[in-house]
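Scroll down for the structure; my scribbles are underneath it.
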Amino acid sequence: MFTIGYATKPINTYIQQLQQHGITVVADIRSVPYSKVFFDYHQQALKQHLQQAGLRYVYLGDELGPRSKDPAHYDDSQQVQFDRLMQAPLYQAGVQRLFDGVEKGFRIAMTCACKDPAICHRSLLVGWSLRHQYDCELQHITHDGALESQTALEQRLMTLTDTVPDLLAGEAAALQLAYQQQCRACAYRRPVAG
């Protein structure tokens, strides 16, 4: 399985990168499948572009999106907690749909808006969950079309958050700290009614 972000990317480049990596299905994991700026990525437009290129589209934003509708998935500051979301039956059903698609022979790329997967729920929620709960390694298609594995991305999180292993916190603990810090910095926060 793969992921791809579209921010600032022309639709023809996006499709070319999908084809370069042999993707056959795009799973849209945005909670809100529209873009205020990039109209080619509105749900209907994206679906049409993909169909014209011979690719399938499926919407999984309800299952795998970062903006849960369940208040139990948020902390007191109204920030979504990915560890809670990963345990939800709806999320787990979305993961199962991905595995079902792979079993049928599809090469699936989950898509979202973020340019860098390190700041996106496609790595912080789905990629982390697939690797640590399901022992499945995602490949992130970077903005320039190269691949970055979930494992390499997680190592990069330690650099991004300036977290290093030491005598008290080995590499696994440092990685967990870096991940938690990145989630606090990047996870969706519901607007507080004022």
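Readers should treat all values here as calculations from the given coordinates under stated rules, not as data from a laboratory. Everything numeric here is computed off the predicted structure, so don't read it as measured data. Please note: Cβ atoms are built from the backbone with ideal geometry, for glycine as well, and neighbour counts cover all protein chains shown.
If you go through the range 156-184, how many residues are out of contact with any helix residue (DSSP H, G or I) (no Cβ under 7 Å at 6 or more places or on another chain) and either in contact (Cβ under 8 Å) with a residue 12 or more places away in the chain or outside any helix (DSSP H, G or I) (or both)? Qualifying residue count, the range 156-184: 8.
Residues of the range 36-64 that are part of a loop (DSSP other than H, G, I, E, B) and not hydrophobic (A, V, I, L, M, F, W, C): K36, H42, G54.
Here Q19 passes the criteria (1) among the polar types (S, T, N, Q); (2) surrounded by fewer than 19 Cβ atoms within 10 Å (Cβ to Cβ); (3) touching a strand residue (DSSP E or B) at 6+ places or on another chain (Cβ under 9 Å); (4) not in a loop (DSSP other than H, G, I, E, B) except the one numbered (3). Determine, yes or no, whether R67 is among the basic types (K, R) and either touching a helix residue (DSSP H, G or I) at 6+ places or on another chain (Cβ under 6 Å) or in a helix (DSSP H, G or I) (or both). When the stated conditions are applied, R67 does not pass them. Listed by first and then second residue, the pairs linking a residue in the range 108-136 that is touching a residue at least 12 places away in the same chain (Cβ under 8 Å) to a residue that is β-branched (V, I, T) and part of a helix (DSSP H, G or I), with Cβ atoms under 8 Å apart and 6 or more places separating them unless they lie on different chains, are I108/V102; M110/V126; V126/V95; S129/V95; L130/V95; R131/T151; Y134/V95.
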